[in-house]
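Notes to accompany the following structure.
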Amino acid sequence: MQNTRRLWTWLALICLLSFAALGWVGREIFVHAPPIPKQVVSSQGDALFSEGQVQRGQEAWLAGGGQQLGSVWGHGSYLAPDWSADWLHREAIALREIWAQRDFGAAFAHLQPSQQAQLDARLKTEMRRNTYDATSGVISLSADRAAAVAKVAQHYIDLFGTDSELNALREQYAMPANVLRDAADRQALAAFFFWSAWSAATDRPGENQLSYTSNWPHEPLVGNTPTAGTGIWSIASVILMLGAIAAMIFFHSTGHEAGDPTPPRADPLFNMKVTPSMLATRKYFYVVIALILAQVGMGVITAHYAVEGTSFFGIPLGEILPFTVSRTIHTQFAVLWIATAWLATGLYIAPAISGSEPKFQSLGVNVLFYALLLIVAGSTVTGWLGTLQNLGNDYSFWIGNQGLEYTSMGRVWQILLFVGLLIWVGLLGRALLPALRTPSESRGLIAMVFLAAMCIGGFYATSLVWGQQTHYAMIEYWRWWLVHLWVEGFFEVFATAVIALLFTRLGLIRAATANSAIILETIVFMFGGILGTLHHLYFTGTPTSVIAIGAMFSALEVVPLAMIGVEAWRNYQRSQSAPWVQAYKWPILCFIAVGFWNVVGAGLLGFTLNTPIALYYMQGMNMTAAHGHAALFGVYGMLGIGLLLFCLRGLSNHAAWSDKLLALTFWSLNIGLAMMVFMSLVPAGVYQAWASISEGVWFARSPAFVHSSLMETFVWLRVPGDIVFALGTLFLAIFAGRLLIVRRNPAAVANANAFAGKTM
């Protein structure tokens, strides 16, 4: 008991100090972010961009698809270009051509090597010079650079407009014509893209060869190459990771953890009384399966757009379901179905743990269900309509699609979801209260579940912090609070504690052992995970201290993953400990799969990107997608499915339970995911990284490269894995449908028993 109290104290202290440090970093980002100019003028006094245009351009880009249509500073989708890298390269080429024609009377490509070298050196000096006047808020450009900027700006104005000469390019970008119908929005968009590229190449005040984005993107033409700090902190992070893993292994090898108890002779939950509120959670799980099917379908369409642009096997699907909409639904539904599975699990197990059900609990669970259903359906429809009808910047921010990856729903829907999460915390808390008040060995675990739930509800408030005109660097700072800390942090702690509770309820783990293990696991994760959030922010207009802190602490995120394989093996042994445990075989195997994908997807593929030097070349490339798919579905998705199956076991007629269908589901999902990641996304990511290192980010994201024969071959190589994976989701739907049919038709029990006898 004394040891557990010490662990709780350490957890509180680490969280307090880590969040204080993360808050301090946020202040530094706010203070040192790239300045937004009031005006951009030429040396002759001509105004290129006026006050407010950069902010309006940011709003217009987000309303037109935002991070679902290309990326800025590397964050977003991968089919269209990274607009900051694309602008930077186009401007450098245009400026160099102006000089070549005027000074030597020929195109740059036809000049002598000495003449080319002269212009290349001049270009670096011109592009890196910081001419921002903090007093007036004006950026001044030379007459030649102003001419280059005007030329590039016209390209983007035409691209996001209706110029028919750019139709082929739009097709390659999977974007429709006239994305922004307001001419003023298109002018402002050019201002925003210019500013993002200017920040990427211009030296910070008082610095030499160090831009506001720490020289990202890689662009040799303007001298954007990795800084010394990027390399040094990468090396230091690897050394720290290896040392921490060694310490973790030593700690576990010298510890004397009590073994698992002898399992009961019969299933302790077999005769568990299912309360009305527990029964009410059943529909949550069926919505989860429906969202999985929709998400997979949208993923297939989104991936295919990488080949045909705006068509699906010749069908002009992009006219009613553009890439930005399909990708938004694909990414948003991924978070929503996983979160729904975990929320429903909490509502299901709370009365089972406490042994009692509060008054009106069932009513609350039902009301919350329909409220969440309204939010999911409403945000999807309004976002879709807003994109198709181009209803403007205000509509997109408040009701439609904010254009931010994984948190795209309009602000009104975000507020409603926040309220819904607080209601969920209240329902969970009132159901757990009797167990929290009663002294028991499991009370620490129950407290961890409730604390994690409170953080899940409370930390969603970070999605409400930014506004329409918030600096883009600060939007990214707060967005990663939500995506990294909310999804990858507190949800993981919640799910891990829930699994431990389930195993203790089954008598497969000692409660005292689980108490200490969960707190210790949370300490290790939070120690690296909170400040590890900063590895997403190395190059998003943040100060260089972010690279140092982010590199070191994100390396520590890998440390607990090194021991996950051991825990997965223990879970497998527990699944063999008694005959009755076979009833929970597939939920437990899902938890084992979580361990595998934690090591491979989150650990191996994650650390492939986490070091600053690696991410410098691979940010915004397919290697990020490989890590995202393996970690998001492999870890959180399989965890959600495992929890779903555990709950359905207690909510369904056991005669309808089919191990054969679950075997097909489990192996199809995992094999399909592995095929998708290692046959397509990883090879494409490696090839794209080579292009980024050798030529620059602009080239690795250019249509010439993305639509090269080899890259399109990698897209087609996704098809076998996608098919196998999709079959797994269909088997899951058939399995769940079978449970529903038997529940509603008692006469079908006899047939179900006969079928189950053949398949179990």
With an 8 Å Cα cut-off and a minimum separation of 6 or more residues, compute the relative contact order for the chain in percent. 17
Calculate, in nm to one decimal, what Trp690 and Ala371 gain on full extension: separation in residues at 0.36 nm each, minus their alpha carbon distance. 110.1 nm
Under a no-solvent Debye model with one identical scatterer per Cα of the stretch 84-161, what's log10 I(q)/I(0) at q = 0.17, 0.23 Å⁻¹? -0.73, -1.12
For the stretch 568-616, fraction of C-alpha pairs farther apart than 16 Å, in %: 51
Taking only Cα atoms, what is the 0 to 90° angle, nearest 10, from helix 323-354's long axis to the longest principal axis of the chain? 30
Averaging over all projection directions, find the projected area of the Cα convex hull of the stretch 490-562 and quote it in nm² with one decimal place. 5.2
Normalised by the residues of the stretch 337-487, what does the relative contact order come to in percent, with Cα pairs under 8 Å and at least six apart? 23
Calculate, for the chain, the solvent-accessible area per residue in square angstrom, rolling a 1.4 angstrom probe over the heavy atoms of the protein chains. 37
Pairs of lysines 8 or more apart, or on different chains, with alpha carbons under 24 Å: count those in the chain, would you? 11
Assign unit charges at the C-beta atoms only (+1 for Lys and Arg, -1 for Asp and Glu), then state the dipole size of the chain relative to its Cα centre in Debye, rounded to the nearest 20. 2720
Amide H neighbours of Met409 under 5 Å, at least 5 residues apart or on other chains, H built in the peptide plane: list them. Gln402
Give the Rg/Rh ratio for the stretch 682-725, taking Rg as the radius of gyration of the Cα atoms and Rh as the Kirkwood radius, to two decimals. 1.06
Once both labels are modelled 7 Å past Cα along the beta-carbon direction, what's the Val419-Arg27 spacing in nm? 3.5
Round to a whole number: what % of the accessible area of the stretch 94-232 belongs to carbon and sulfur, probe 1.4 Å? 51
If each of Arg6 and Leu730 carries a label point 7 Å out from its Cα toward its Cβ, how far apart are those two points in nm? 5.7
List the chymotrypsin sites (Phe, Trp or Tyr not before Pro) in the stretch 511-551 that DSSP assigns to loop (not H, G, I, E or B) and whose Cβ has at most 13 other Cβ atoms within 10 Å. Which are they? none
Quick one: work out the % antiparallel among DSSP beta bridges in the chain, nearest 5. 65
In the stretch 430-568, carbon and sulfur make up what percent of the accessible area (probe 1.4 Å)? 67
Helix 659-675 against the longest principal axis of the chain: what's the angle in degrees, Cα atoms only, rounded to the nearest 10? 20
Cα extents of the stretch 459-521 per principal axis, largest first, Å, are 54, 18, 12
Which chymotrypsin sites (Phe, Trp or Tyr not before Pro) does the stretch 173-276 hold that lie in a coil by DSSP with at most 13 other beta carbons within 10 Å? Phe270
With labels modelled as points extended 7 Å from the Cα through the Cβ direction, what inter-label distance (nm, one decimal) is found for Ala109 paired with Phe360? 7.5
So if I take the alpha carbon set of the chain, get Rg, then get Rh from the Kirkwood formula, what is the Rg over Rh ratio? 0.99
Residues Gln101 and Val307, FRET efficiency given R0 of 35 Å [Cβ-Cβ distance, rounded to 0.05]: 0.35
How about the stretch 271-337: which trypsin sites (Lys or Arg not before Pro) there lie in a loop by DSSP and see at most 15 other Cβ atoms within 10 Å? Lys273
If I take R0 = 25 Å and measure r between the Cβ atoms of Thr135 and Gln209 in this structure, what FRET efficiency does the formula 1/(1 + (r/R0)^6) give, to the nearest 0.05? 0.50
Full-stretch length increase - Phe19, Val274 - with 0.36 nm per residue and alpha-carbon distance subtracted: 87.8 nm
Given the options Ile671, Pro351, Ser396, identify the residue whose Cα lies farthest towards the positive end of the charge dipole of the chain (+1 on Cβ of Lys, Arg; -1 on Cβ of Asp, Glu). Pro351
For the stretch 344-406, projected area of the alpha-carbon convex hull averaged over all directions, nm²: 5.7
Percent accessible area from carbon and sulfur atoms, the stretch 266-380, protein chains only, probe 1.4 Å: 72
To the nearest 10 degrees, how steep is helix 585-597 against the longest Cα principal axis of the chain, on a 0 to 90 scale? 30
proj_area_mean for the stretch 232-330 (convex hull on C-alpha atoms), units nm², value 14.9
Under the 0.36 nm per residue contour assumption, what length would be gained going from the current alpha-carbon distance of Phe250 and Ser545 to full extension? 103.1 nm
Magnitude of the Cβ-charge dipole (Lys and Arg +1, Asp and Glu -1) of the stretch 1-151 about the Cα centre, nearest 20 debye, reported as 520
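The values are calculated or read from the model by the stated rules, or taken from the named source; none is laboratory data. Since this is a predicted model, take the numbers as computed values, not measurements. Virtual Cβ from ideal backbone geometry, glycine too; neighbours counted across all protein chains shown. Ligands, DNA and RNA are excluded from the accessible area calculation, which covers all protein heavy atoms including side chains. Shrake-Rupley method; radii C 1.70, N 1.55, O 1.52, S 1.80 Å.
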